[in-house]
Amino acid sequence: MIDPLDEPFTDDPLVRVQLDVFEGPLDLLLHLIQKHELDIFDIPISFITERYLTYVSMMQALNLDLAAEYLLMAATLTHIKSRMLLPTPPPEENLNVDPDADQGEDPRVALVRRLLEYQKFRAAGEELAARGVAGRDVFPRGMEVTAESTGEAPLAPFPAIAMIEAFQKLLSRRKLSIAHEVTPERVSIADRINVLVERLRERRSMRFDELFDDDGSTSELVVTFLALLEMTRLRMTRLYQSGNYEQLHVTLVLTDVTDPGAAVRDDWR
């Protein structure tokens, strides 16, 4: 289990932001179910509730403003978990119960229905979105370069939510925690995006951890992380991974943008 970050920036307006990377609590739940290869029809509610609350804690620690629906889903999961802990009364004790009430229904059923419906509409939305950008990433063929096979698995697209895990691991390796720091000068997220784009233009694709300066302070790491999230939201970059638990790679998609930071929200400058 990934421990949530414990000391969020509480006084720094530069890093209090709202992101559209996650499409809602159902999207987060589906990610967790797929990541841990769980059966959507038989969700281990205690396990998934623990993982969901961990993610919510991490997002709160990074000062990502959570919509109320995330907290409502946390309460729903906790309620379902508590209902499943209650013993089922024997049949003879249910003689006076309203026959129309779903006394024997699994408390997870309603959640599973919502997840299946969301999964169906998300797949349809992804198909429609793919049609809208068909041909956008087609580039004229250049000089053919024969690359030696490294034996590694090909990179596959990965959801932006994986960056939260990758960033938490990065902080753990460097033995850092998110705590308030007073520094005389800060780099804006817009400026950081310009720096990251220049780095990615040189190599087109880099490992996630290579985009963070080795001698950077905790606040600089957070600004870099938020810049990467914003770049993913703006479809400047894409995330790839060759397999579970492998390194996360960031690939530059938009290469002809003159001032990448100009696309950032005004309150991020």
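Some points to look at:
- The criterion of being surrounded by fewer than 16 Cβ atoms within 10 Å (Cβ to Cβ), touching a Ser or Thr at 6+ places or on another chain (Cβ under 8 Å) and at pLDDT below 85 holds for E181.
- Tallying residues that are over 20 Å from the mean Cα position of the chain (by Cα) and among the charged types (D, E, K, R) within region 193-211 yields 6.
- Qualifying positions in region 55-75 - under 17 Å from D27 (Cβ atoms) and surrounded by fewer than 17 Cβ atoms within 10 Å (Cβ to Cβ): D65, L66, A67, A68, E69, L71, L72
- Checked against (1) in a loop (DSSP other than H, G, I, E, B); (2) modelled with pLDDT of 90 or more; (3) not aromatic (F, W, Y), S46 meets all criteria but (1).
The values are calculated or read from the model by the stated rules, or taken from the named source; none is laboratory data. Since the structure is predicted, the reported quantities are computational estimates derived from the model, not experimental observations. All Cβ positions, even for glycine, are placed from backbone atoms using ideal geometry, and neighbour counts span all protein chains on display.
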